[in-house]
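What follows is a single structure, written as structure tokens, with notes after it.
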Amino acid sequence: MADRRFAPDFEAEELTRRIIGAAIEVHRELGPGLLESSYEQCLWQELIDLGVPVQRQVELPIRYKGRELDCGYRIDLLVEDIVVIELKSVENILRIHEAQLMTYLRLGPFPVGLLLNSNVPVLRDGIVRRALTRPPSALSALSASSAVNKESKE
């Protein structure tokens, strides 16, 4: 059986369409301005109702010298072991949010991620899709994350 984390592009594309449709339904029902946890619970339920395999608050360890270490990384929602969903309810998506998503993709490794900001009048204005374009490595993920942290302090 093939590793589903490296699904063909068309499978990931169709899956992201279904997820975005479900997220739009949740946003239409709830509107903007609630806590991230509210959107997470409702989107999880919406995906379950659609028959889409989804997990909540998935621990994501770092592999270090042959060991897996829990460093506190948690994926909000993981759909079919292919798409990482990071939910936000913020005024603006920042580069640090995108770096967080890319870190999850690299550590997984997962091919596709969606950053969904529910604090917008129309959800399509709060969607960021990212995909891995080269082989993942924990080192490059941490480098990207620390670079954004350094940049945000300047």
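The values are calculated or read from the model by the stated rules, or taken from the named source; none is laboratory data. From a predicted model like this one, the values you see are computed outputs, not experimental measurements. Note that we place each Cβ from the backbone using ideal geometry, even for glycine, and neighbour counts take in every protein chain shown.
Pairs are defined by a Cβ separation below 7 Å, a sequence spacing of at least 6 or placement on different chains, a first member in the range 80-92 that is at negative phi and touching a residue at least 12 places away in the same chain (Cβ under 8 Å), and a second member that is crowded, with 20+ Cβ neighbours inside 10 Å and β-branched (V, I, T); the pairs so defined are I82/V112; V83/T16; V83/I19; V83/V112; V84/I75; I85/I19; I85/V79. Residues in the range 76-100 that are over 11 Å from L115 (Cα atoms) and outside any loop (DSSP other than H, G, I, E, B): L78, V79, R95, I96. If I filter the range 48-63 for residues that are modelled with pLDDT of 95 or more, over 13 Å from the mean Cα position of the chain (by Cα), outside any loop (DSSP other than H, G, I, E, B) and within 19 Å of R124 (Cβ to Cβ), do I get at least one hit? No, because not a single residue in the range 48-63 is modelled with pLDDT of 95 or more, over 13 Å from the mean Cα position of the chain (by Cα), outside any loop (DSSP other than H, G, I, E, B) and within 19 Å of R124 (Cβ to Cβ). Can you tell which of A12, A99 is farther than 19 Å from L123 by Cβ and out of contact with any helix residue (DSSP H, G or I) (no Cβ under 9 Å at 6 or more places or on another chain)? Being farther than 19 Å from L123 by Cβ and out of contact with any helix residue (DSSP H, G or I) (no Cβ under 9 Å at 6 or more places or on another chain) holds for just one of A12, A99, which is A12.
Counting only residues that are closer than 13 Å to A99 by Cα and free of Cβ contacts under 8 Å to residues at least 60 places away in the same chain, how many does the range 110-131 have? Outline the logic, then answer.
Restricting attention to the range 110-131, the residues satisfying the condition of being closer than 13 Å to A99 by Cα are 113-115, 128-131.
If we keep only those that are free of Cβ contacts under 8 Å to residues at least 60 places away in the same chain as well, we get 113, 115, 128, 130.
Count: 4.
Within the option set R74, R95, R56, R63, being in contact (Cβ under 8 Å) with a residue 40 or more places away in the chain, surrounded by fewer than 20 Cβ atoms within 10 Å (Cβ to Cβ), farther than 16 Å from R129 by Cα and among the basic types (K, R) holds for one residue only, R63.
If you go through the range 3-14 one residue at a time, do you hit one that is at pLDDT below 95 and either assigned to a strand (DSSP E or B) or buried (at least 19 other Cβ atoms within 10 Å of the Cβ) (or both)? Yes, the range 3-14 has at least one match. In the range 123-134, is there at least one residue being touching a Lys or Arg at 6+ places or on another chain (Cβ under 9 Å) and in a helix (DSSP H, G or I)? Checked against the condition, which is being touching a Lys or Arg at 6+ places or on another chain (Cβ under 9 Å) and in a helix (DSSP H, G or I), the range 123-134 yields at least one hit.
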